[in-house]
1. Under 5 Å between amide hydrogens, which residues at least 5 positions from Thr288 or on another chain qualify, with H placed 1.01 Å from N in the peptide plane?
2. For helix 2-16, report the angle its Cα long axis makes with the longest principal axis of the Cα atoms of the chain; keep it between 0 and 90° and round to the nearest 10°.
3. Could you work out [θ]222 nm for the chain from helices alone, using -39500 (n - 2.57) per DSSP H run of at least four and dividing by all its residues? Round to the nearest 500 deg cm²/dmol.
4. Radius of gyration and Dmax for the stretch 156-199's Cα atoms, expressed in Å?
5. Let's test the formula: R0 of 45 Å, r as the Cβ-Cβ distance of Arg41 and Ser306. What FRET efficiency results, to the nearest 0.05?
6. Taking the solvent-accessible surface of protein heavy atoms with a 1.4 Å probe, what is the per residue accessible area of the stretch 130-206 in Å²?
7. Would you compute, for the Cα atoms of the chain, the largest minus smallest coordinate along each principal axis and list the three values in descending order, in whole Å?
8. Note the full-extension length gain between Ala119 and Ile63 as 0.36 nm times their separation in residues minus their Cα-Cα distance, in nm to one decimal.
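The values are calculated or read from the model by the stated rules, or taken from the named source; none is laboratory data. Model, not experiment: these values are computed from the prediction. Cβ coordinates were reconstructed from backbone atoms using ideal geometry, including for glycine residues, and neighbour counts include every protein chain displayed. Areas reflect the complete protein model, heavy atoms only, side chains present, ligands, DNA and RNA absent. Shrake-Rupley method; radii C 1.70, N 1.55, O 1.52, S 1.80 Å.
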Amino acid sequence: MLANTALAVMWVGLTCYALFGGADFGAGVWDLLSGGAERGRARRGLIEHSIGPVWEANHVWLIFVVVTLWSAFSTVFAAVMSTLYIPLTLAALGIIARGAAFAFRKASTELWQQRLFGACFALSSLVTPFFLGAVAGGVASGRVPPGLAEGDVVTSWLNPTSALGGVLAVLTCAHLAAVYLCADADREGRPELARGFARNAVLSGLAAGAVACAGVAVLHADAPELFHGLTHRALPLVILSAVAGLAVLGLLAKHRFVVARAAAALAVAAILWAWGAAQYPAMLVGGTTVSEAAATPAVLSAILVSLGFGAVVLIPSLWLLYTTFQRATPEQPHR
């Protein structure tokens, strides 16, 4: 019971990172595709305004997941970190480079400096979710065995399922960001930007759906246990994700941007929980179950109590941060 509770809490943190941090990465992707300095100035201005106050705070969820995995399921943490250290290191470097470039670009006054730091910010926003998705693919396809560095450090993340996970992660982040930015642009009374990001959201959503459909064959051939779980135990969540994804497209067409945000978040959350349900009770496919990997009851109890106290501070603080910067000014009423 304690182990399953700790796992569920960790998965909630992973979901929050996908929804908030993922949108930040996606905003960087649209920054990359916004065009030249003049043509993309308005879009980049909106992106900076939207993610500027929150992009650092969103990484708290990644720290939360890593710390919970390390303290509650240390054997799984050791196996994942020692086998997948290459993509995890590249992702960490991407997160650092992205944050530094974002800050330096904002402070730069020369155009060449803005272009240089802008390119670094955008490229690291593109590659970082790819490496994180590749890590997820390596774990989900059973390429991380128990023990220290027991898996192949190259093929554990350079394989068909990891490639699928990386591409899906990039497309999902881009889709989330475009949906979120629609509402921001609409709230600020910038309908042209809102329509532009709506088109981006539809295109990235269709691309993500097409890759997911093609990925069925990839999972069938490369990750049979995950494929079986997704098509049996986790099938209701997969269907929920697909329905929510289709609803996003309809809501964007009707310019219901705020509701579309919720539907997009539901689609992403459902597919994440579908992965968890498909793999459960295994934490390392074919190797270690939740109960085998869990710390002792005393440690798990201490972790959960600590997380409970932390949540009392963290959740209201983040809620205040998000609502403060999403609140309409008197000149920009909510729609």
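1. Amide H neighbours of Thr288: Met283.
2. Roughly 20 degrees, rounded to the nearest 10.
3. -26000 deg cm²/dmol
4. Final numbers for Rg and Dmax: 14.9, 47 Å.
5. Plugging the Cβ-Cβ distance into 1/(1 + (r/R0)^6) gives 0.45.
6. 36 Å²
7. Largest to smallest, the principal-axis extents are 56, 41, 38 Å.
8. Taking Ala119 through Ile63 to full extension adds about 17.6 nm, to one decimal.
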